[in-house]
Amino acid sequence: MAEIVITGGAGRVAGFIRPGLAEHGHRVQLLDLVSPAEPLRSSERFRAVEATDVDALARAFVGADLVVHLASHATERPWPDIRDVNVESAYAVHEAAHRAGVRRVLAASSVHAAGYVPSDRAADDDVPAPRPDTFYGVSKVVLEALGSLYADRDGSTVVSARIMTCEQEPYDVRSLGTWLSPADAVRLVEAALATDLTGHHVVWGVSRNTRRPVSLAAGERIGYRPVDDAETFAPRFDDLPPLAADAPIGGDFTTGPLGTWW
């Protein structure tokens, strides 16, 4: 099938999608500073690469059908940490893909690029304009801007996926709307592989949840058609109060102190 390179290959989200990619016959190269805790499958290989090292990334990307960029700090941090890892890796990955001649990139943006959008207005547009809720969210806005730049310069396909809540299962009331199942995350990767569209596409990384606050239209345009619905898990949370209709989609990230994880 396809040759896929994943930055942040030892991380949590990579761990969610690796089984599905292997099951579908894809060959996967995992890039990270440490090897994955889970043993490598026969279709996988690991390479120790720093996500901000353009030259090393470009060498690793040669021959890839798709680069999936997951490497970053995943929570709020002081600005120097966010700048040095999230922003620099966003540049490095897109530049390395350009140098290596890779025509498809799927980059993990985040709901926190638009975290201050109210839930009851989040579907007014297929993809709302950025309203970052943290320095972390700002780094994802930069990621999206770089994706747009490189897609337009190269005539390539870049999908910036605003991942909402990627977990094995929903864990609170909010995630009944924001859950991205591991199986749907694999479907998103395969949509980025298969789409005929070039250019930059910002889509929501979310499952087909009954309580979903955002539109699936942008993802459907690139062929992303999620299947799973967090409503299956709703009885677990019957004793908890519902979210306010106008609650910001970024959840607790909108109330914590900037530069600090709480």
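Computed from the coordinates by the stated procedures, all read-outs in this text should not be read as laboratory data. Quick caveat, the model's predicted, so the values are computed rather than measured. Here the Cβ is made from the backbone with ideal geometry for all residues, glycine too, and neighbour counts use every protein chain on show.
Points worth noting:
- Prolate/oblate/rounded call for segment 123-203, Cα gyration tensor, a/c under 1.5 rounded: oblate
- Inter-part distance, segment 232-256 to segment 151-222, computed on C-alpha centroids, equals 20 Å.
- The helix-only estimate of mean residue ellipticity at 222 nm for the chain, built from DSSP H runs of length n ≥ 4 each weighted as -39500 (n - 2.57), is -8500 deg cm²/dmol after division by the residue total.
- Note on the chain: antiparallel DSSP beta bridges, both residues inside, total approximately 5 percent of the bridges counted.
- Relative counts (whole %) of C-alpha pair distances in segment 1-70, using bins that are 10 Å wide: 22, 61, 17, 0
- Mean Kyte hydropathy of -1.0 or more with a Cα span along the axis of at least 15 Å, helices from DSSP in the chain: 12-23, 88-100, 135-154, 182-194
- Net charge contributed by nearby residues that have their C-beta within less than 11 Å of Arg59 (K/R +1, D/E -1): 0
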